[in-house]
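*Asks:* Just dropping this structure here.
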Amino acid sequence: MSGFFGVVSQHDCICDLFYGTDYHSHLGTRRGGLAVVNMNGFPVTRIHDISNVPFRSKFDSDLENLHGRSGIGVISDLEDQPLAITSRHGHYALATVGRLDNLNELAAQLLADGETIFSASMSGEFNPTEVVAAIINREPTLLDGLRRVQRDMRGSCSILLLQEDRILAARDRYGRTPVIVGEKAGAYAVTMESTAFPNLDYTVKHELGPGEIVEILPDRVVVKDAPRDKQRFCTFFWVYYGYPSSQYCGISAEAARNRNGASLAEQDDTDCDSVSGLPDSGVAHAIGYSNAARKPYMRAFVKYTPTWSRSFMPQNQSVRRLVARMKLVPVLDQIQGQRLLFCDDSIVRGTQLGETVQWLFERGAKEVHMRSACPPLLFGCRFLNFSRSRSEMDLAARRAIRKLEKGEITAEVIQRYTVADSPEYNAMVEVIREELKLTSLKYQKLEALIEAIGLPADQVYTYCWTGRDVDIQAEK
């Protein structure tokens, strides 16, 4: 996952750009970048490794030397960006968010057609932003290039393109990620997280629709391509990804999580002494559960934020497990002799959760109940790289199916496990519960999750739970 922010202003924009980009630090783990247009109309970029230090710390020293009235910034999981591009369209800077399923295919075609060279990203693969730039540069205009990217790519790609005193912003054609425009006196900004706006004095002006492209100028926003009718917004923005104070489609992430936790409680009759959220992402769900169940909300863990914030998680799994443990500090008085119920956003691999449960029992917990704010994850995300697992078989639910099934595990077999309360589903959940050594384990039902969010089911993307998406089939 990644996040971006951009500003076009009648005055110097560096302060807004710096803090607006920083507000996306929870969406990326590896690279941070800023690009501003200098007096000669050329984009000046700064890109730093933020895998072990905060974005702000790496860019503080750059601010004195960066000046301009327009700029874009990005927090990225893997690749260097924004990229400064020189082409027949002049100079511009480019940032992208998403995942191109046919990245290698697009790059191979560009090379076959005469594109001379691509640099490698940090992962040793093609840099998606560079490939997107190459596609754009082949078209008569930058706007035509953005349209071509949306037409040719399979997957998801939202784009900010900075040129002189304007930004072209294009939202993914199915609207899987948010792109939101804000305004204040003398400036416009564009963001993925609306939480970046209030403290910078911006108010939301326009949320781009699926596939919509707008031109952002210092004094106005011009729609270049109207939005498509079909939307498939990523549900995980309300479950986990999104910052609590942000809104998407006008729906608050915090409020949706509170409703979702309350829904979990309404389906549950488990007796417990307290309700806790696994910080940070499970807290809002747990508060909703606590209020609806009339059980006290207690903090069995507190997160040590001075040095272990959420975004700085190493890619190495063994180190990630150590970091995850070091971040959570127990409150022993809330654990010893207690029947504890926890809410978490999701259960991915379950490795860290299993260690946490064992640790709780060793410290005197009487019972440990777990409630997942979403259904079992059965399929890897094809668009936003939600899980760092290299294989779907790393997922806790897939490991359970492999344990239960003796024969070939076909797509038809897996579909039986997606049906809540079916014999297969209940058996899968029980295997996961046993593996994690939980007193009880329950998952939110998909229908209840969608109801808590408040959008029609055909407007949200749910492939990671169901394995079904007509848009994916159409794109193949």
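Computed from the coordinates by the stated procedures, all read-outs in this text should not be read as laboratory data. Just so it is clear, the structure is predicted and the values come from calculations on it, not from any experiment. Using ideal geometry, Cβ is built from the backbone for each residue, glycine included, and neighbour counts are taken over all protein chains shown.
*Asks:* No solvent, one uniform scatterer per C-alpha: report log10 I(q)/I(0) for the range 27-142 via the Debye equation at q = 0.11 1/Å, two decimals.
*Replies:* -0.39
*Asks:* Along the Cα-to-C-beta direction of ASP152, a point sits 7 Å from the Cα; which residues of the range 64-83 have their amide N less than 19 Å from that point?
*Replies:* Correct set: 83.
*Asks:* Given contacts defined as C-alpha pairs under 8 Å and at least six residues apart, what's the relative contact order of the range 3-231, whole-number percent?
*Replies:* Relative CO of the range 3-231 lands at 21 percent.
*Asks:* Please list, short to long, the whole-number percent of alpha-carbon pairs of the range 3-231 in consecutive 10 angstrom bins beginning at zero.
*Replies:* P(r) over the range 3-231, rounded to whole percents: 9, 37, 39, 15, 1.
*Asks:* Let me know the Kirkwood hydrodynamic radius for the range 254-475, please, with Cα pairs as the basis and the value in Å to one decimal.
*Replies:* Kirkwood radius, the range 254-475: 18.1 Å.
*Asks:* In a Debye calculation with equal point scatterers on the alpha-carbon sites of the range 62-103 and no solvent, what is log10 I(q)/I(0) at q = 0.14 Å⁻¹?
*Replies:* After summing over all Cα pairs, the log10 values are -0.45.
*Asks:* Within the set LYS295/LYS403; LYS327/LYS442; LYS230/LYS303; LYS406/LYS437; LYS230/LYS442, which residue pairs have Cα atoms separated by over 30 Å?
*Replies:* LYS295/LYS403; LYS230/LYS303; LYS230/LYS442
*Asks:* For every helix of n ≥ 4 consecutive DSSP H residues, a contribution of -39,500 (n - 2.57) applies; sum these over the chain, divide by its total residues, and give [θ] at 222 nm rounded to the nearest 500 deg cm²/dmol.
*Replies:* -8500 deg cm²/dmol
*Asks:* Taking the Cβ-Cβ separation of LYS230 and ALA108 as r and a Förster radius of 25 Å, what is the calculated FRET efficiency to the nearest 0.05?
*Replies:* Given R0 = 25 Å and the Cβ-Cβ separation, E is 0.30.
*Asks:* Let me ask you something else. Quote to one decimal, in nm, the extra length available between SER391 and VAL413 on full extension: 0.36 nm per residue of separation minus the C-alpha distance between them.
*Replies:* 6.1 nm
*Asks:* At LEU217 and SER245, where each label point lies 7 Å from the Cα along Cα→Cβ, what is the point-to-point distance in nanometres?
*Replies:* Distance between the two pseudo-spin positions: 3.3 nm.
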